[in-house]
Amino acid sequence: MEETVLNIQHLSKNYGRIRAVDDLSLDVHKGNVYGVLGPNGSGKTTTLGIILSVINPSAGEFSWFGKTPSKETRKHIGAILEVPIFYPYLSGEKNLKIVADIKNCSYDGIAEVLQTVDLTERKNSKFRTYSLGMKQRLAIAAALIGDPEVLIFDEPTNGLDPQGIAEIRELILKIAALGKTIILASHLLDEVQKTCSHLVILDKGKDLFAGKVTELIAAPMQVEVGAENMEELEKYLNENENVIGIEKENMILVVKLKEGYEGAALNEFLFSKGVPITHLSARKKSLEKYFLELLSEK
Amino acid sequence: MIRLLKIEFKKISGNRTFWILSGLYALLIILFFFGIQSVIDDLAEEANKKSPIPLPGLSAYSLPDIWHNLTYIAGYFKIFLAVIVIILITNEYSYKTIRQNVISGFSRWDFLKSKLLTIGVISIAATILVFIIGLILGMLNTDDITAAKMFGKTEFLLAYFLEIYAFLTFAFFIGFLVKRSGLAIGLLLLYYYILEPVARYKLPDEVGNYFPKKAIGTLIDIPNTSIMRLFGVEFQDYISPLDALVVVAYILLFGGLSYWILIKRDL
């Protein structure tokens, strides 16, 4: 059994009449990389704010490492919420020392985390002189202080250029390889697909999906089929018991197949029925497509 | 406690606004007290010339009365320190560092405690400043110095510390409540110079005397000068324990209210 790091039960947060988080329950297991997806305003940051004890929930509860959340549990969590937050008039290194002081750990690890995020050369510059990418990297360095068991990154690549995004992504993968539990909130689906093993999809404060990325993507295989005679094609497809869904899309049909039944078998079947096909291609669903589907399904 | 102060000191160490304002405050106090001596001397001379009966020399700076005189006058400058405290706390909100402090592993109480401790250190520093100035000026203006003279009436220094600490807690609370420095400073000045004086004007003394500015400000009452005695006006020339109790109550009230807000509020 996987060790539960975070357990959330029936969490809700109301802002006046708006429900930012709506009866959310969730388990986070050790060593996984979780992507929290959702459109803007779906309650991602509010949820993270609650589990970090900076936002008071309206209802529900949560526990870290099986304990009631306290400042002690928070010392085992490294987190950035929304934007990198530091004292602008202090140097990067001094800011990290304050974090180390708050976490009650020694300064020994500071040089190493600065090295990890490649900021050693600029450690004596004031935070306010940093570029956006450097600020994000310093925030990751701060999160790494004290060797936390869990890392929470909220939109860590916000506002970065493609190179910066790639750097941060690599950094997160590097941290994940150390066996840390990571919770990564983002609205960049591509980023989540590339870094996460698990997914939580939020919309209007509710979770639409929670599970492995592969589970979501391994949903029924889809094949695009086209033929001269579309009516006949559709008729025969309907007869095939391995076809579980047909959708019209422009000049082709998108066919959902049962697990194990593949494009080649479908081709053979149609050929045997005397339907010459002009187009056949397997469609790999991107996370984005699933995401949009999930959102529109409700 | 030491750990919290160390963290606070790190936060403050690079804060240029804080050091410039604190330096200005110290300079202002020092210049004022050393400069005012000649003004008082002149005044005394003027008064002596006009007076039909010879007045005893004004002894504003002789020990031990200097402790009362100095702490009373220095009280007028506490508004300057209040502005510094407001900037310290509202910075934590405008930089959102209060939120990050909690995320990193502070409890909300830790945060509040670290600020109340900082206010304590500022109050102690302000008291030490007055003590040093008083010691120098007192020695220069007292004829035969004895230990009894030197340390008589030093309870006024303790009262001064209490006055500053209470007032800064009040300022802290306002800064904490509204989060923005400009607004908080504006509100403090508005309350200090207009709202409370107007409200007190309308109310009987038994009520008005317990308003924060008044209660905190009159812990050290106006020193009785020789001229005032001539006119038969007599002010309280000691620290009343009851007054001190009211001031302590205000410290607890504003500290408690700040804590209550901090617990209720989303950061």
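The values are calculated or read from the model by the stated rules, or taken from the named source; none is laboratory data. Bear in mind the structure is a predicted one, so any value in this text is a computation, not a measurement. Every residue, glycine among them, receives a Cβ derived from its backbone with ideal geometry; neighbour counts consider all protein chains shown. Calculation scope for accessible area: heavy atoms of the full protein, side chains included, ligands and nucleic acids excluded. Shrake-Rupley method; radii C 1.70, N 1.55, O 1.52, S 1.80 Å.
Suppose we keep only residues that are away from chain B (no Cβ under 14 Å) and in a helix (DSSP H, G or I) within the stretch A:110-130. Which one would you say is most open to solvent (accessible area, probe 1.4 Å)? Residue satisfying both the conditions and the ranking: A:121. If you go through the stretch A:32-56 and keep only what is over 14 Å from residue A:200 (Cα atoms) and surrounded by 15 or more Cβ atoms within 10 Å (Cβ to Cβ), you end up with A:46, A:49, A:50, A:51, A:52, A:53, A:54, A:55.
Take residue A:68 and decide whether it is of a type in the set (Val, Ile, Thr), open to solvent by 20 Å² or more (accessible area, probe 1.4 Å) and either under 26 Å from residue A:8 (Cα atoms) or within 8 Å of chain B (Cβ to nearest Cβ) (or both). Against the criterion (of a type in the set (Val, Ile, Thr), open to solvent by 20 Å² or more (accessible area, probe 1.4 Å) and either under 26 Å from residue A:8 (Cα atoms) or within 8 Å of chain B (Cβ to nearest Cβ) (or both)), residue A:68 qualifies. Residues that are more than 21 Å from residue B:105 (Cα to Cα) and more than 19 Å from the chain's Cα centre (by Cα) within the stretch A:128-167 comprise A:128, A:129, A:130, A:131, A:132, A:133, A:134, A:161, A:163, listed in sequence order.
In the set (1) polar (S, T, N, Q); (2) within 14 Å of another protein chain (Cβ to nearest Cβ); (3) open to solvent by 40 Å² or more (accessible area, probe 1.4 Å); (4) touching a Leu at 6+ places or on another chain (Cβ under 9 Å), the condition left unmet by residue A:25 is number (2). Listed by first and then second residue, the pairs linking a residue in the stretch B:51-68 that is among the hydroxyl-bearing types (Ser, Thr, Tyr) to a residue that is at pLDDT 70 or above and part of a loop (DSSP other than H, G, I, E, B), with Cβ atoms under 6 Å apart and 6 or more places separating them unless they lie on different chains, are B:62/B:142.
Within the bounds of the stretch B:29-51, is there any residue that is modelled with pLDDT of 90 or more, charged (D, E, K, R) and over 18 Å from the mean Cα position of the chain (by Cα)? Among the residues of the stretch B:29-51, not one is modelled with pLDDT of 90 or more, charged (D, E, K, R) and over 18 Å from the mean Cα position of the chain (by Cα), which makes the answer no. Please enumerate the residues belonging to the stretch A:45-87 that are of a type outside the set (A, V, I, L, M, F, W, C), more than 22 Å from residue A:139 (Cβ to Cβ) and not in a strand (DSSP E or B). Within the stretch A:45-87, A:56, A:57, A:58, A:66, A:68, A:70, A:72 qualify. Among the residues of the stretch A:78-97, those identified as buried (at least 23 other Cβ atoms within 10 Å of the Cβ) and within 8 Å of chain B (Cβ to nearest Cβ) are A:79, A:81, A:86, A:87.
Based on what the data block shows, is residue A:27 within 22 Å of residue B:96 (Cβ to Cβ) and among the charged types (D, E, K, R)?
The answer is no for residue A:27.
Of all residues in the stretch A:100-109, those being in contact with a Gly (Cβ under 8 Å, 6 or more places away or on another chain) and within 13 Å of chain B (Cβ to nearest Cβ) number 5.
I'd like to verify a number: residues in the stretch B:95-126 that are of a type in the set (Phe, Trp, Tyr) and in a helix (DSSP H, G or I), how many?
Total satisfying the criteria: 2.
Does residue B:61 satisfy the criteria of being away from chain A (no Cβ under 14 Å) and assigned to a helix (DSSP H, G or I)?
When the stated conditions are applied, residue B:61 does not pass them.
Do the conditions hold for residue A:135, that is, is it at the interface with chain B (Cβ under 8 Å from one of its Cβ atoms), in a helix (DSSP H, G or I) and either at positive phi or not acidic (Asp, Glu) (or both)? The answer is no for residue A:135. Residues in the stretch A:235-287 that are farther than 29 Å from residue A:191 by Cα, open to solvent by less than 70 Å² (accessible area, probe 1.4 Å) and either among the charged types (D, E, K, R) or in a loop (DSSP other than H, G, I, E, B) (or both): A:240, A:242, A:261, A:274, A:275. Once the stretch A:193-227 is narrowed to residues that are of a type in the set (Val, Ile, Thr) and free of Cβ contacts under 8 Å to residues at least 60 places away in the same chain, the residue that is nearest to residue A:14 (Cα to Cα) is A:214.
Against the conditions (1) within 30 Å of residue A:293 (Cβ to Cβ); (2) touching a residue at least 60 places away in the same chain (Cβ under 8 Å), residue A:230 satisfies every one except (2). Within the option set B:90, B:118, B:127, B:97, being of a type outside the set (D, E, K, R), over 30 Å from residue A:139 (Cα atoms) and at pLDDT 95 or above holds for one residue only, B:127.
Taking helices (runs of 4 or more DSSP H) as the structural unit, those lying wholly within the stretch B:130-220 and holding at least 3 residues that are modelled with pLDDT under 95, closer than 20 Å to residue B:247 by Cβ and open to solvent by 40 Å² or more (accessible area, probe 1.4 Å) correspond to B:205-208. Among the criteria (1) open to solvent by 10 Å² or more (accessible area, probe 1.4 Å); (2) within 16 Å of residue A:39 (Cα to Cα); (3) of a type in the set (A, V, I, L, M, F, W, C), the one residue A:185 does not fulfil is (1).
Would a scan of the stretch A:203-217 turn up a residue that is part of a helix (DSSP H, G or I) and open to solvent by 60 Å² or more (accessible area, probe 1.4 Å)? Yes, the stretch A:203-217 contains at least one residue that is part of a helix (DSSP H, G or I) and open to solvent by 60 Å² or more (accessible area, probe 1.4 Å).
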